[in-house]
Amino acid sequence: MTVSSEELALTDLETLDEVIECLVENFSIETQGVCDQKTLFEILIKAASSGDSIENTAKLLKNVPTANDIRYHLNKINNFEELEAQINQVLKSRIPLGLKKRLFKNSD
């Protein structure tokens, strides 16, 4: 049975959900109150993927913490460069093998 590329394609929402799930499984940012970890990751990913600010993203989404709440939790992080490297490594580990082969083949 052959699988078409349409069947393999992820939607934007599915990709967002997969990335958030990956981050929740692998990283722990202590949160409290209305700001749970999954919501924090969702806001950060939406802001980063759209090139928007945390403040504007928080305003656009419904029932999410304020930008100040988000910043409060981000200020707890001591080393963003190290965290970024760890996140990139974890996300790379989730790239499907077939896609990895194509990426490396095209980078030669």
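The values are calculated or read from the model by the stated rules, or taken from the named source; none is laboratory data. Note that this is a predicted model, so its numbers are computed, not measured. Neighbour counts are summed over all protein chains in view; Cβ atoms, including those assigned to glycine, are modelled from backbone coordinates with ideal geometry.
The helices (runs of 4 or more DSSP H) found wholly in the range 1-101 and carrying at least 1 residues that are exposed (fewer than 14 other Cβ atoms within 10 Å of the Cβ) and at pLDDT 85 or above occupy 12-26, 37-50, 54-60, 67-74, 80-93. Scanning the range 75-95 for residues that are over 15 Å from residue 24 (Cα atoms) and under 13 Å from the mean Cα position of the chain (by Cα) yields a single hit, 92.
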